[in-house]
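The block underneath contains the structure these notes are about, expressed in structure tokens.
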Amino acid sequence: NQHKIILDLCGGTGAWSRPYIESGYDVRVVTLPDWDVMLEETVRLCIGLKPHGILCATPCEVWGKMGQCRWKERTANDVLFHTILLVHNLRIIYETQPAWWCIENPPGKLEQMLGEPRFVFDAYHYGLPYHKKTMLWGRFTLPANPMQEGHPAIKDYVRGALTKDRARMRSQTPAPFARVFFEANP
């Protein structure tokens, strides 16, 4: 696996790609401040790596329903920036044709751009005590989905927390899901 490159585009903390790192893959977490997918130089570098797989967690600020209350604050430049970022991520995917690729985002406007998602899950489906509905688009093997019955005891452990790390905590891929995704897409 050490020769298989996995790109984790807009990977933030690298939570989604952690199982690949633990299994010896060459993982490149392509995220700010070190890597800027808005730069042509970064896009070309990613394309040149010829990745085996691509994880893409394009930022959800303008795409997710959770931000609808702030839509009036969004400018045309905000929407344009996030659209160009999505296009750059899609260009990397298209030009590298990896064995598998996946884009994740919460429910929202991205469905208008990418169509119906291939897979939808909630964090509590994987044993976590909270909701975090997530949609996946791409070409990948569907991960196991245990679909636990009922609902979690805690509606959302992060949304109510008023800390400066709230957005980062909320955006992290749930570890149990990252593990089953990895198992389905080595």
Sort Glu111, Glu73, Glu41 from largest to smallest accessible area, using a 1.4 Å probe on the heavy atoms of the protein chains.
Glu41, Glu73, Glu111
Area of Glu183 that stays accessible when all protein chains are in place (1.4 Å probe, Å², to 10):
120 Å²
Can you give the accessible area of Val27 in Å² (nearest 10), computed on protein heavy atoms with a 1.4 Å probe?
30 Å²
Would you be so kind as to identify which of Leu90, Leu110, Tyr126 lies farthest towards the positive end of the dipole of the range 68-146, taking Lys and Arg as +1 and Asp and Glu as -1 on Cβ and the Cα centre as origin?
Leu110
Could you state the number of Å between the C-alpha centres of the range 84-132 and the range 7-25?
15 Å
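Arrange the residues Thr58, Thr75 by how much accessible surface each exposes, largest first, with a 1.4 angstrom probe.
On the way: Thr58 5, Thr75 70 Å².
Sorted descending by solvent-accessible area, the residues read Thr75, Thr58.
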Residue by residue, what Karplus-based ³J(HN,Hα) values in Hz, rounded to whole numbers, does the range 116-125 have, using 6.51, -1.76 and 1.60 with θ = phi - 60° and x for Gly and Pro?
5, x, 7, 8, 10, 9, 10, 3, 5, 4
Ranked from the most accessible area to the least, with a 1.4 Å probe and all protein chains present, what is the order of Asp122, Asp36?
Asp36, Asp122
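The values are calculated or read from the model by the stated rules, or taken from the named source; none is laboratory data. Bear in mind the structure is a predicted one, so any value in this text is a computation, not a measurement. Note: ideal-geometry Cβ built from the backbone for every residue, glycine included; neighbour counts use all protein chains shown. With ligands, DNA and RNA removed, areas are computed over all heavy atoms of the protein, side chains included. Shrake-Rupley method; radii C 1.70, N 1.55, O 1.52, S 1.80 Å.
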